[in-house]
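The values are calculated or read from the model by the stated rules, or taken from the named source; none is laboratory data. Only a predicted model underlies this, so the values are computations on that prediction, with no experimental measurement involved. Every residue, glycine as well, gets a Cβ built from its backbone with ideal geometry; the counts of neighbours run over all protein chains shown.
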Amino acid sequence: MERRDFLKLSAVSGATAALEGCGNPDHHLIRFIPEEDLIPGIATWKPSICTLCPAGCGTLVRVMQGEAEVVRKGQFGILKMGLAKKIEGNPAHPINQGKLCPRGQATLQVTYHPDRIKTPLKRTGARGAGQFHEISWDEAIKELVSKLSELTGEKASGFAFLTSPLRGQRANIVSNFTLGMHATRWTQFALFDDQISRFANFESFGHLAPMTADLGQTNYIISFGADFLGTWNSPVAQAIGYGHMRNGRPGQRGKLVQFESRVSQTGANADELISCPPGMEGTVALAIAHAILAEKLRPANAPNAAAAHIDGWAAGLPNYAPEKVAAQSGMSAATITRIAREAATNQPAVALIGDAPTSHTNGYFNALAVNALNSLLGSVGKPGGVLFTPPPPSAKNMPTGSLAAMIRQIQTIPDAVTVLLLYNANPIFAMPASSGVKEALERIPFIASFGSFIDETSVLADLILPDHSPLESWLDDLPPSGSKELVTSVAPPAMKPLHDTRSMPDVVLDIAQQLGGDVAKALPWKTYDEAIQASFTQLYKDKAAKNAKDADEFWKKAQDQGGWWAAEESNSASPTPTKSAPVKNVAPQFDGDPKQFPFHFLPFPSQLFYDGSLAHLPWMQEMPDPLSTVMWGTWVEMNPQTAKDLGIEQADLVEIASQHGKLQAPALVTPTIAPDCVAMPVGQGHENYTRYATNRGANPVSILAPLTIEETGTLAWAATRVKLTAVGRGKLVMFGASLEEASPELKHR
Amino acid sequence: MFRPVLRVNRYFRAVIGICLILVTAIILDRALSAQSSETSSQASVGSGIFTTAHTSVYAAVREFFGIRSTPVQPIAYTHKVHLANGMQCTDCHVGVDQGPDARIPSVNFCMTCHQVIAKDKPEIKKLAAYRDRGEDIPWQRVYGFEPSAHVKFNHAPHIRAGVDCKVCHGDMTTQTVAERKVDHTMGFCINCHKQKAASIDCVTCHY
């Protein structure tokens, strides 16, 4: 025996003797019988659709056999099943062409989130206390059916469906269910919705849709606050186009001019960044138009239907001479004239508007003004200009109403809403406290939620019927922008459900069948996938008869590919815009006296959490914001001059107060914001949204004024003024910061 | 004459010393983990961490000395009988020629035949009981590498190269439940790789 062996043997005999019977306790867990026979170690990529923002990118999900810890029939154990491991962009999908943003990648964490609702729940404690007990699906559906069956005759109008903006058959099912209930209230709510763009584009161009900017072919972009590389509209598609504009055409680089008062990620990429006072964007766009008209840089007789909606256009926009606008806005008239010349002579050029400029009280006018400028530049419907994704053949208008209107009805009419179905909308977080949304929803006698997580709104629910995660569910989508061609996406489930959940459309169809009568007639499908297949059969008949030998083959091909897109289809013929009276430029209204509340308060969509609906994902929490590099927190941006005047230093805790509330956040002192503005990312400051987001940071939406944009009834979220007060030392965790920098309070230890 | 005795003494002291250190470390480790499971009701199975590769000192010691417990299978499955009846390895272990691991069939797969065949035998009754309870059979792992070895083994290229199953798994026609008949040391792998002129680069297997 060698020395080494002897040592081994002696040591081990001692050690093992002492520890006999010590096994791996993992082996004691029950193993459930697998439902699918997969070959271990072999990955398959399944097409899916990203649902984390409204862009509708196509994805591929890598699925492999794995062992999931699950509960089946009340028992905890291990199940071998196909599990989603990674998400990438679908190279065949026309919107994102194989690319994907970090938010899309994090869909995995929605699926595997430890705080997902795993079974149907019924409220036990006081409303909002978050006390629920688990019930079975049969009990849950029985209870909901009995509540809904009470809504007959006059009581029918007490039904309301409140959802995030939905598309495709998911929207059809909710819409038909609402109509079948003889109710009219289906409210789609999102803080950053595209209603203003839709309405303005309908008025100017006849398209009730957000625009698709053909950035890859353009030579000159004038963007008014639109963060098209960050979160606005279809950011992945736009980033691809922008990359092509900059690098895809040798010798031709393209220029980006950004007008905004707080520099976004897009602004940080701009060749020329011009500070524009909040609410002046439309006026500046018309000053550019004035300069083009005055210098006759564009043919005077060029058709411009969009211009008809601008008061004073026919007279050559006398109120918008660059000198006049320069005096009002603090810009230089020479700059405005130069940009007008550059845009007119570097065709194709395109103007964009989005985010804060469309969220002032005059946001609608601003959008119309930019539309008119686009028309003047001759960019509408041309390569390198403004295009519109062709609408699907079966598109129809659905009954929708604004949340503000619903709140008013609940406040004024007794029993205006008696049963509310809630799906993926969180207005208590994403509406200001002053809007009265919380009190209004609390007055509704019965609320059922389909959400996968408890949040500020769904905690009020009496009944929770948890939805599948997007990876476990059938999905279909009709992205309204981001592509020149018609895109209809479809995806079968990428994996089987981990928990005892059911897909929302399936539950709605099931309930409709049980209720019978008109609701059942309005929804002829038994399951959601049957409904999607029906829409694809219709699509085959209408548009795609030459793409497959029959509807079944077309349906199968679409599932394999992740959807169907009409590659050869060009932009559809322009519909005739409506004729209506010119819109007057009314000065934007701001809440708060400028003397008492000296700063414009500009919330902005977070790169990480979008509108706050993604704050529950730890990958998003730990990712540094691309501009500020702040992680796991929130901040308030202010100009160094502002900070100096108020005696505030980097990371100092600042109190931000409006007429409607106050909050505290650490200061981020940066020259990338105008001295009369302060800005805060939306997304943090949840009171009740999983272990990762609850009580982290502050929610800027909570202190906003309940001002709305008249034309759409949506919140004017950039129309509040605030005052600042230094409170003390704060904490700002930034990427690459030393401990001392990140935590100044530790400096003297 | 004197020197060997001294050496033995020195070895003996070293052995006693190491044993004492190990036993103390193990007792301390277990005491600490017991304490933490008392304080935290959340402490789930196998959540202790000694190093990133080992859950406890015990696991580390066992791995260092290459000690592996003999797996005790829940059912006395017999490879011998199945193979004698003309079945092939790949009838059950599907996918061995396609990917890194072969499939271990689920209880449902076994029951496709045993619904009818030999259903009165005690082991088959156990099998049926698992199926009736909705449980899969908790087979214990026989072969495999320690995670800290960073070995990535892939069955498919070995099958393609015509390596017989028995080269690595022994003659299954003589075994009932699978036993570790062949010691999968690095030397064993390298020998064969050299004979077949396969790559012996470190990163071929360790990555």
Next item on the list: Mind counting the residues in the range A:473-485 that are more than 23 Å from A:Tyr242 (Cβ to Cβ) and buried (at least 22 other Cβ atoms within 10 Å of the Cβ)?
Entry: 5
Note to self: Whether any residue in the range A:564-583 is of a type outside the set (D, E, K, R) and at pLDDT 90 or above is what I want to check.
What the structure shows: yes
Notebook entry, point to check: Can you pull out the residues in the range A:181-204 that are in a loop (DSSP other than H, G, I, E, B) and of a type outside the set (S, T, N, Q)?
Noted result: A:Met181, A:His182, A:Ala183, A:Phe189, A:Ala190, A:Leu191, A:Phe192, A:Asp193, A:Asp194
Next item on the list: State whether the residues of the range A:333-349 include one that is in a loop (DSSP other than H, G, I, E, B) and more than 16 Å from A:Ile222 (Cα to Cα).
Entry: no
Check: Looking at (1) within 9 Å of chain A (Cβ to nearest Cβ); (2) surrounded by fewer than 16 Cβ atoms within 10 Å (Cβ to Cβ); (3) at pLDDT 55 or above, which is the only condition B:Ala31 fails?
Finding: (1)
Item checked: Failed criterion for A:Gln328 (all others in (1) without any contact (Cβ under 8 Å) to a residue 60 or more places away in the chain; (2) touching a helix residue (DSSP H, G or I) at 6+ places or on another chain (Cβ under 8 Å); (3) of a type outside the set (A, V, I, L, M, F, W, C); (4) within 30 Å of A:Thr218 (Cα to Cα) hold) -> (4)
Next item on the list: Of all residues in the range B:106-165, count the ones that are in a helix (DSSP H, G or I), under 30 Å from B:Ile200 (Cβ atoms) and within 14 Å of chain A (Cβ to nearest Cβ).
Entry: 6
Note to self: Given the options B:Thr90, B:Thr70, name the one that is part of a helix (DSSP H, G or I), in contact with an Asp or Glu (Cβ under 9 Å, 6 or more places away or on another chain) and within 30 Å of B:Asp183 (Cα to Cα).
What the structure shows: B:Thr90
Notebook entry, point to check: Can we say A:Ala209 is more than 13 Å from A:Gly354 (Cα to Cα) and at pLDDT below 95?
Noted result: yes
Item checked: Check on A:Leu498, aliphatic (A, V, I, L, M), in contact with a Leu (Cβ under 9 Å, 6 or more places away or on another chain), modelled with pLDDT of 95 or more and not in a helix (DSSP H, G or I) -> yes
Margin query: Quick check on my filter: what residues within the range B:93-105 are buried (at least 18 other Cβ atoms within 10 Å of the Cβ), in contact (Cβ under 8 Å) with a residue 40 or more places away in the chain and facing chain A (nearest Cβ under 7 Å)?
Written below: B:Gly99, B:Asp101
Notebook entry, point to check: List the pairs whose first member sits in the range A:136-148 and is within 21 Å of A:Ile117 (Cα to Cα) and not assigned by TED's automatic domain parsing to the domain that holds A:Leu420, whose second member is of a type in the set (S, T, N, Q) and surrounded by fewer than 18 Cβ atoms within 10 Å (Cβ to Cβ), and whose Cβ atoms are under 9 Å apart, counting only residues at least 6 apart or on separate chains?
Noted result: none
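Any chance the range A:136-156 includes a residue that's acidic (Asp, Glu) and assigned to a loop (DSSP other than H, G, I, E, B)?
yes
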Next item on the list: Tell me, yes or no, whether the range A:31-47 has at least one residue that is modelled with pLDDT of 95 or more, hydrophobic (A, V, I, L, M, F, W, C), within 33 Å of the chain's Cα centre (by Cα) and buried (at least 18 other Cβ atoms within 10 Å of the Cβ).
Entry: no
Checklist line | Hey, A:Gly104 without any contact (Cβ under 8 Å) to a residue 40 or more places away in the chain and either in contact with a Ser or Thr (Cβ under 7 Å, 6 or more places away or on another chain) or within 14 Å of chain B (Cβ to nearest Cβ) (or both) or not | finding: no
Note to self: For the range A:433-457: of the residues being in contact with a Phe, Trp or Tyr (Cβ under 9 Å, 6 or more places away or on another chain) and of a type in the set (S, T, N, Q), which is farthest from A:Tyr112 (Cα to Cα)?
What the structure shows: A:Thr457
Notebook entry, point to check: Do you know which residues across the range A:664-689 are touching a helix residue (DSSP H, G or I) at 6+ places or on another chain (Cβ under 6 Å), touching a residue at least 40 places away in the same chain (Cβ under 8 Å) and under 22 Å from A:Asp593 (Cβ atoms)?
Noted result: A:Met680
Notebook entry, point to check: Which of the residues that make up the range A:211-228 are surrounded by fewer than 24 Cβ atoms within 10 Å (Cβ to Cβ) and either closer than 16 Å to A:Pro605 by Cβ or among the acidic types (Asp, Glu) (or both)?
Noted result: A:Asp214
Notebook entry, point to check: Looking at this structure, is A:Ala160 in a helix (DSSP H, G or I) and touching a residue at least 40 places away in the same chain (Cβ under 8 Å)?
Noted result: no
